[in-house]
Every structure is written in structure tokens, then in C-alpha cells.
Amino acid sequence: MANNSKILTTLSDFMRTLLTPYDVDLALDDLALRLCEILEMEGAGVSLAKDGRLQSATALPPAISPLEETQEATQSGPCVTAYRTTETVAVSDLRESEHCEAWPEYCASADQIGYRAVAGIPMKIEKHSIGAISLYSQEVREWKEEDLFLARIFADAATVYLLNASTYDRERLLNQQLQQALDSRILIEQAKGIIAEARGVDVQAAFELIRRQARSRNASLRSVAEAIVKLGLRL
């Protein structure tokens, strides 16, 4: 884990991101990137609930996408368990038999792409859960309580961001924001593929180009992706 000064700076920067005009895609990507950085992990994902089912909204780097997709398809895995129980789930080694029995498809996917440890952090307000964060390590990892506590702070901040509405409007606004995040993810994935092919780079490099364009133009990721997919923009 990073030193205290870096943690406080990272948390402060993330909070400032959440105070800017709503761009759910950038906020969730920023959440995953910052968690990877300060917890020194190889990957992080964010899944959001729609009609009681978790759907992948962010997966960084793209190498962990098969894991997130398997979890979404089977509705089984540590992130789903964290969402349903509203409790943190920490797994130091996915190759242990108890986990393979509980989540066979998920563990097989993790083994195939070379990830060994995972933690699921619920995104919740009191007992109301709206999704979960997945933390990934390529090595066996004993998750430290301070690391999980820090991840929960980030998860809580992101949850409040998504639920920032009056009690009366909360459910309507939440559904709109979750749907926007999930719809945008599909569009952004298409744009990443287009730019990767056009520039002859991998999808992670393509995504960085899209992010850079969005930030330099003070535009949302979705608007840049839409211009790439529908208007033929090439960066």
C-alpha cells in the first residue's frame, strides 16, 4: 500500500472528481485506477446492480474483463457475494478448493488469465446495496484490513456520488445513472476496438487515447466514444 501522504492526496483528488458535473463513466474508471495505484494491485472492476443482477461497468486493465464477464453471466463470484450480503469478501487464493466449489466458472476463468487473489467490496448505503468493487492480484495475497478499509472508503464515496439525490428522486435518478453507466460501457468498448484497429495498438492504449481526448476537450468519455462509433472520429 502507498504511504499515508499519497493515500490522502489520492483520496482528496478522487473526492474532487466526484464534485465535478456528473460523468459516471469517468468517475468509475477513476475509482478503479486509483485503487490499483494506492493498493498496488494488478486490476480492479466495478459492477452495478440492475433488476437485482450485477452488470460489469468498469474493468481495468482489459485483461480482467473475462473475469468480470464470467461473474456477470453466472451471477456467481466474490463480487456478487459482496453485493448480496453487503459484506466484504476477501479471498487470498482462488485455487483453494472451497472457492473452486463455490464459484467454479469464475475460478476457472481466473486461473486461465493468471489471477490468484480477489476481494469484493460492496457499494452500499446502510443495507441498500447498489453494486460492488472487485480488487484483483496476480499473486496470492493476504488482504490487509487497512487495505480493505481504505477500499471501503473509496467505495462509500462513489456510492454517495451515485446516490446524490433527494429521497424522493433517489430511485428514479439511480436507475437512470446505472443505465447510463452500463449503456456507455458498451459504446466505449466499441470505440476502444475501433481506435485499437485504426492505430495498430492494444485496447488499453486505445482507451488511454480516448481518455486523453475526453480530458483535453473537457468532454465525457461517452461523447468521445459516440463520435468515434457514430461520426467516424479517429484520434
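Can you pull the one-decimal nm distance between simple spin-label points at Thr85 and Arg199, each 7 Å off the Cα toward Cβ?
In this crude label model, Thr85 to Arg199 measures out at 4.1 nm.
Positive end of the charge dipole of the stretch 1-119 (Lys, Arg +1 and Asp, Glu -1 on Cβ, about the Cα centre): tell me which of Thr81, Asn3, Ser65 has its Cα farthest that way.
Positive-most Cα among the choices belongs to Asn3.
Would you list which aspartates and glutamates come within 17 Å of Lys127, measuring only between C-alpha atoms, while excluding same-chain residues fewer than 8 positions from it?
Asp51, Glu87, Asp156, Glu171
Is the stretch 182-231 rounded, prolate or oblate when judged by the Cα gyration tensor, a ≥ b ≥ c being the square roots of its eigenvalues, rounded requiring a/c under 1.5 and prolate requiring a/b larger than b/c? Don't skip to the answer; put the middle values down first.
Details: a/c = 1.64, a/b = 1.20, b/c = 1.37.
Cα axes put the stretch 182-231 in the oblate bin.
Name the shape class, rounded, prolate or oblate, that the alpha-carbon gyration tensor gives for the chain, where a ≥ b ≥ c are the square roots of its eigenvalues, rounded holds for a/c under 1.5, and otherwise prolate holds if a/b is larger than b/c and oblate otherwise.
rounded
Give the calculated FRET efficiency between Asp93 and Arg16 to the nearest 0.05, with a Förster radius of 41 Å applied to their Cβ-Cβ distance.
Values: r = 37 Å, r/R0 = 0.90.
It comes out at approximately 0.65.
Taking other Cβ within 10 Å of each residue's Cβ, how do Glu139, Glu98, Glu189 sort, fewest first?
Fewest-to-most ranking of Glu139, Glu98, Glu189: Glu98, Glu139, Glu189.
Each reported figure results from applying straightforward, stated rules to the coordinates on display, with no laboratory input. In this text the structure is predicted, and so the values were computed from the model without any measurement. Positions of Cβ are backbone-derived with ideal geometry, glycine not excepted, and every protein chain shown enters the neighbour counts.
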